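Below is one structure, written out as structure tokens; comments come after it.
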Amino acid sequence: MNLLTIHPDYIWNLDEKPLMPDFITGSYRVDGTRIPRTSGARSASWSLLFWLSASGKTIPPLCIFPEPIRCQMAEITATLSQQRTGFRTAVEPNGYMNSKLFENELYEALPLIRRTMKMSAHQCGLLIFDNHKSHVGRKVESICRWFGFHVLTIPSHLSILIQPLDNHFN
């Protein structure tokens, strides 16, 4: 694969960002500005997984909720559907990505991406993501190859410097 000849529609970056709504216990106002009050408890989080192509295309993000919120998932999903956000949802014990969820996300997202790319059967795409332990493994590589993608991983702790989504969303 010659990286210099890949069309920007065929290059995709994915990255997840933790959100910490469990820190927020309310808010107060200072000079008209809402300031969130935080609890300091760091037990669970929510995460968003974003997908972005080099040409600026996106697919709906995946929102990963922590297990304690499972009882509210029907209401959350209905609200997101009514707002036509396109958000997809998942529940994990602590609200963070894990290997099984990442594999499932690839099975769901890669067909969507291939449809946006209008690739022929012999063309390949390129996925760029950090090498967090939930992102690497033979099964991940096999899934990506099955859908016609090569994988480029970058060091997790350097992604803030070189990963496109880290530079855009942080």
Task: Placed amide H near W51: partners under 5 Å, 5+ positions off or other chain - done: I59
TODO: Rank by packing, highest mean first: peptides 126-136, 140-150, with packing defined as the count of other Cβ atoms within 10 Å averaged across residues.
DONE: 126-136, 140-150
- [ ] For S55 and I76, calculate 0.36 nm times their separation in residues minus their Cα-Cα distance, and state this gained length in nm to one decimal.
- [x] 4.5 nm
Task: Candidate lysines for bridging to K133, where Cα separation is under 19 Å - those fewer than 8 sequence places away on the same chain excluded - done: K17, K100
Open item on the list: Testing the spin-label approximation: label points 7 Å from Cα along Cα→Cβ at Y107 and K17. State their distance in nm.
Closed with: 2.9
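All of the numbers you see were taken from the coordinates with simple rules; none came from a lab. Computed from a prediction, not measured in an experiment: that's the story for all the values here. Note that we place each Cβ from the backbone using ideal geometry, even for glycine, and neighbour counts take in every protein chain shown.
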